[in-house]
Amino acid sequence: MALQDLTDVIDRVWFWITKSDKEIVPNKIAAAYNQKGGWEGWAQVEIAYLIQTKYNNVTIDREVNVYSGTKKENDFVITDKGNPPKPKQIIELKCERGTQSAAQFVQSFSDDITKIHNLPINPSYKPAKAYAVAIVCTVLTQQLMINTAWQVKVNRIQCGQTGILIFWNELDIV
């Protein structure tokens with residue numbers, strides 16, 4: 001049986017890009033695309049804010065080491081405040097940036113998929129629904145993502161008329 005989501009993670013990412021500030025967010029993404037260091041941290045904060053405003057029963061922690069035997073951190077963990085043993089949501093987020101090639105971006109998303117599927121999760125974070133999410137801005141990278149022969153199911157959704165696509169893989173961890 002599939003674990004039930006605490007929140008609608010993909011919907012919140014989609015909403016942030018297409019609806020939260022209408023034309024402003026896609027314009028900000030376009031402006032941040034070539035910034036040194038990228039815009040992933042900003043996206044994490046914005047998405048976390050939207051999740052917390054819709055779901056006041058959850059806490060969101062960023063840059064958490066949920067993986068056993070490694071110092072690798074995930075981007076954020078969502079936990080039910082009233083029921084901490086309830087399944088958590090573990091999110092790895094990738095945001096395409098102009099300082100990396102399409103192939104490098106696809107590889108970094110693939111690495112996140114490998115991370116959620118292969119790294120052991122600390123028992124205190126189980127059960128969990130894990131997501132690897134990619135926000136893709138350019139046609140070249142979108143085509144490479146679409147044409148990649150993924151080893152697992154990778155879903156995608158278009159963000160309205162923005163030209164931005166969201167790709168994701170999800171996994172139940174028990």
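Listing for the model above:
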read-out: Out-of-range pairs (alpha-carbon distance over 24 Å; input Lys54/Lys153; Lys94/Lys153; Lys19/Lys88; Lys19/Lys71; Lys94/Lys129; Lys28/Lys129); value: Lys54/Lys153; Lys19/Lys88; Lys19/Lys71; Lys28/Lys129
read-out: Computed label-point distance, nm, for sites Lys71 and Thr114 using a 7 Å Cα→Cβ extension; value: 2.0
read-out: In sequence order, calculated HN-Hα J values of segment 162-172 (Karplus, 6.51, -1.76, 1.60; Hz; x Gly/Pro); value: 6, x, 9, 10, 10, 10, 7, 10, 10, 8, 7
read-out: Gained length - Ser124 relative to Ala31, 0.36 nm times residue gap less alpha-carbon distance; value: 29.6 nm
read-out: With 10 Å bins from 0: P(r) over the chain, alpha-carbon pairs, percent; value: 10, 39, 37, 13, 0
read-out: Near-label residues of segment 25-49 by backbone N, under 14 Å of a point 7 Å along Cα→Cβ of Thr99; value: 32-42
read-out: DSSP beta bridges in the chain [antiparallel fraction, %, rounded to 5]; value: 75
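Where a number appears in this text, it was derived from the coordinates with a stated rule and is not lab data. Values in this document were obtained by computation on a predicted structure and should not be read as measured data. Positions of Cβ are backbone-derived with ideal geometry, glycine not excepted, and every protein chain shown enters the neighbour counts.
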